[in-house]
Amino acid sequence: MKEKFKSWAFSKEHGKCDVITLIIYLLGVCTVSFFHEPWFDEAQAWAIARSGSLKEILFEIPHYEGHPPLWDLILLPFAKLGAPYELSLAIVNIFFMTLAVAVLLFKSPFPKLIRCLLPFNFFLFYQYGVISRPY
């Protein structure tokens with residue numbers, strides 16, 4: 001029994017386990033994001049995207065923000081079109097983190113056990129998956 005588990009857990013093959021892990025990750029992050037209230041730095045990124053012009057976002061605001069304007073540029077179309085603040089912010093963040101976890105699951109050389117547990121650590125699941133921060 002132990003040998004069978006070891007051969008399964010430490011194999012580097014990709015398969016159903018990775019797909020199931022991705023689905024569980026997506027469902028978990030969506031559930032936690034539904035109850036998450038955005039913090040001031042998440043709201044600030046949305047306010048910059050909504051109120052700033054493209055020139056200001058590219059050349060003026062980054063001097064005061066301390067990070068590149070990529071996150072503000074990603075949020076720009078949603079904010080300018082009047083999309084709902086919390087829902088749009090969560091959807092954009094979940095989309096990018098699901099892509100990141102998919103790359104981790106399907107392209108990493110780690111053993112299967114590590115690949116299937118890694119998306120559920122604090123940073124990949126909550127800090128990056130739920131909290132929509134630009135840095």
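With the requirement that a residue be assigned to a helix (DSSP H, G or I) and touching a residue at least 60 places away in the same chain (Cβ under 8 Å), what does region 33-42 give you?
Matches in region 33-42: 33, 41, 42.
Any idea which of (1) hydrophobic (A, V, I, L, M, F, W, C); (2) over 15 Å from the mean Cα position of the chain (by Cα); (3) farther than 15 Å from residue 133 by Cβ is the one residue 43 doesn't satisfy?
With (1) hydrophobic (A, V, I, L, M, F, W, C); (2) over 15 Å from the mean Cα position of the chain (by Cα); (3) farther than 15 Å from residue 133 by Cβ applied to residue 43, the lone miss is (3).
Restricting attention to region 25-42, report how many residues are under 22 Å from residue 65 (Cα atoms) and exposed (fewer than 15 other Cβ atoms within 10 Å of the Cβ).
4
List the number of the failed condition for residue 31; all other conditions in (1) closer than 30 Å to residue 16 by Cβ; (2) of a type in the set (Val, Ile, Thr); (3) modelled with pLDDT under 95 hold.
Tallying (1) closer than 30 Å to residue 16 by Cβ; (2) of a type in the set (Val, Ile, Thr); (3) modelled with pLDDT under 95, residue 31 fails exactly one: (3).
Of the residues 94, 114, 48, 74, which single one is part of a helix (DSSP H, G or I), hydrophobic (A, V, I, L, M, F, W, C) and touching a Ser or Thr at 6+ places or on another chain (Cβ under 8 Å)?
Only one candidate passes the filter, namely 94.
State whether one or more residues within region 125-133 are surrounded by 14 or more Cβ atoms within 10 Å (Cβ to Cβ) and part of a helix (DSSP H, G or I).
Scanning region 125-133 turns up at least one residue that is surrounded by 14 or more Cβ atoms within 10 Å (Cβ to Cβ) and part of a helix (DSSP H, G or I).
Just for region 43-82: of the residues that are buried (at least 17 other Cβ atoms within 10 Å of the Cβ) and in contact (Cβ under 8 Å) with a residue 40 or more places away in the chain, which one is farthest from residue 95 (Cα to Cα)?
65
The values are calculated or read from the model by the stated rules, or taken from the named source; none is laboratory data. Here the structure is a predicted model, which means the values were calculated and not measured. Here the Cβ is made from the backbone with ideal geometry for all residues, glycine too, and neighbour counts use every protein chain on show.
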